[in-house]
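Report on the structure given below.
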Amino acid sequence: MMLAAGSIAAGAQDAAGTTASQSADKSRYNLFNTTPGELMREMNADRPDKTDCPFTVDAGHFQIEMDFANMTYNQPNSERGNVRFTALEIAPMNLKVGLLNNLDLQLVLTSYQWETTDNRDTGIIERKSGFDGITPRLKLNLVGNDGGFFALALMPFVKLPLSSGRLGNGSTEGGLGIPYSLDIPGWDLGFQTTFHFNRNGARSGYHSEFDNSVSIGHRIFGKLSLSAEFYSSVSMERNSDWVGTVDSWLTYQVNKNLRLDGGVYIGVTPAADDWHPWVGMTWRY
């Protein structure tokens, strides 16, 4: 009985907080005038899927989204030849700070990465390790940040060539992401279209790439949710093949400011990474 009463009280507090966030005028809050805790929106994250969310971090607050570790494994196939590739990343993260009620700044980086390429035809094994660049991003929410059926944001980004250990292509690249979502009770439903301007593989110019994804999630019991995603990427570079993945993960909401997750991206086309498992978290303060 006491547990049930506590759950009802907690649910009532969450509902009250959500209602207050939706009804209050939060435009006066900024990095130096922090949004009060009772007016903060529900925590949302751009991880662990490839589909970013259209919601920003509340003004004056910080959020860390990171993998504790992840791995990429590619076996030989018709796209990459008789070559096996493996990679391990430790603590890749997205560091966020709310600048305004509808604008946040993000820094995406990988702390350290190891790569091994095993060419079974030549017998040559190449190993690389180091830091693989940094990507500053801005997210500007246009509608639906604090309630409503539809939410939309614009997210310009630029990748800076700050890698080490011969990782990356040493080029500045950028683009624009357009995440949007629909508020369907009991479900998390998100979409994204992203335009990239990337360096050609031969480094003789740039080409466009277009990503599209859809993500859906549902609470299965208690604080545990199951989600799935389909992701597609098409490159305008000559002789490039379509990249498609089917992704799935579990999330556990520890409290309103901490969420744990784990899952895997699974390649469904020859050009995609075969397996990419991870475990990670989102923490807000």
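The values are calculated or read from the model by the stated rules, or taken from the named source; none is laboratory data. As the structure is a prediction and not an experimental result, all values here were calculated from the model. Here the Cβ is made from the backbone with ideal geometry for all residues, glycine too, and neighbour counts use every protein chain on show. Remember, those area values only see protein heavy atoms, side chains included, never the ligands or the DNA or RNA. Shrake-Rupley method; radii C 1.70, N 1.55, O 1.52, S 1.80 Å.
Give me the residue from region 252-268 that is in contact (Cβ under 8 Å) with a residue 60 or more places away in the chain and not in a strand (DSSP E or B) and, out of that set, nearest to residue 74 (Cα to Cα).
Restricting to residues being in contact (Cβ under 8 Å) with a residue 60 or more places away in the chain and not in a strand (DSSP E or B), the top hit is 257.
Suppose we filter region 212-228 for residues that are without any contact (Cβ under 8 Å) to a residue 24 or more places away in the chain and not hydrophobic (A, V, I, L, M, F, W, C); how many remain?
The total comes to 2.
All but one of (1) open to solvent by less than 30 Å² (accessible area, probe 1.4 Å); (2) assigned to a strand (DSSP E or B); (3) basic (Lys, Arg) hold for residue 84; which doesn't?
(1)
Filter region 239-258 down to residues that are closer than 30 Å to residue 207 by Cβ and either more than 17 Å from the chain's Cα centre (by Cα) or polar (S, T, N, Q) (or both) and give me whichever is most open to solvent (accessible area, probe 1.4 Å).
239
Hey, can you tell me all the residues within region 95-111 that are surrounded by fewer than 16 Cβ atoms within 10 Å (Cβ to Cβ) and free of Cβ contacts under 8 Å to residues at least 24 places away in the same chain?
Once the filter is applied, which keeps residues that are surrounded by fewer than 16 Cβ atoms within 10 Å (Cβ to Cβ) and free of Cβ contacts under 8 Å to residues at least 24 places away in the same chain, region 95-111 yields only 111.
Can you name every residue in region 50-79 that is under 24 Å from residue 99 (Cβ atoms), touching a residue at least 60 places away in the same chain (Cβ under 8 Å) and not aromatic (Phe, Trp, Tyr)?
If the condition is that a residue be under 24 Å from residue 99 (Cβ atoms), touching a residue at least 60 places away in the same chain (Cβ under 8 Å) and not aromatic (Phe, Trp, Tyr), then 51, 52, 53, 54, 56, 57, 61, 63, 64, 65, 66 are the ones that fit.
Results for (1) closer than 18 Å to residue 51 by Cβ; (2) at pLDDT 95 or above; (3) in a loop (DSSP other than H, G, I, E, B), shown as yes or no for each residue.
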residue	(1), (2), (3)
88	no, yes, no
98	no, yes, no
105	no, yes, no
108	yes, yes, no
116	no, yes, no
128	no, no, no
132	no, no, yes
137	yes, yes, no
147	no, no, yes
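Out of the residues in region 162-211 meeting the condition of being assigned to a strand (DSSP E or B), of a type in the set (A, V, I, L, M) and touching a residue at least 24 places away in the same chain (Cβ under 8 Å), tell me which one is nearest to residue 127 (Cα to Cα).
178
Name every residue in region 1-53 that is open to solvent by 40 Å² or more (accessible area, probe 1.4 Å), assigned to a helix (DSSP H, G or I) and at pLDDT 90 or above, in order of residue number.
Across region 1-53, the qualifying residues are 37, 38.
The rows are residues; the columns are (1) more than 19 Å from residue 104 (Cα to Cα); (2) open to solvent by 60 Å² or more (accessible area, probe 1.4 Å); (3) modelled with pLDDT of 95 or more.
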site: 153; (1), (2), (3): no, no, yes
site: 171; (1), (2), (3): yes, no, no
site: 181; (1), (2), (3): no, no, yes
site: 186; (1), (2), (3): yes, no, no
site: 201; (1), (2), (3): yes, yes, no
site: 225; (1), (2), (3): yes, no, yes
site: 233; (1), (2), (3): yes, no, yes
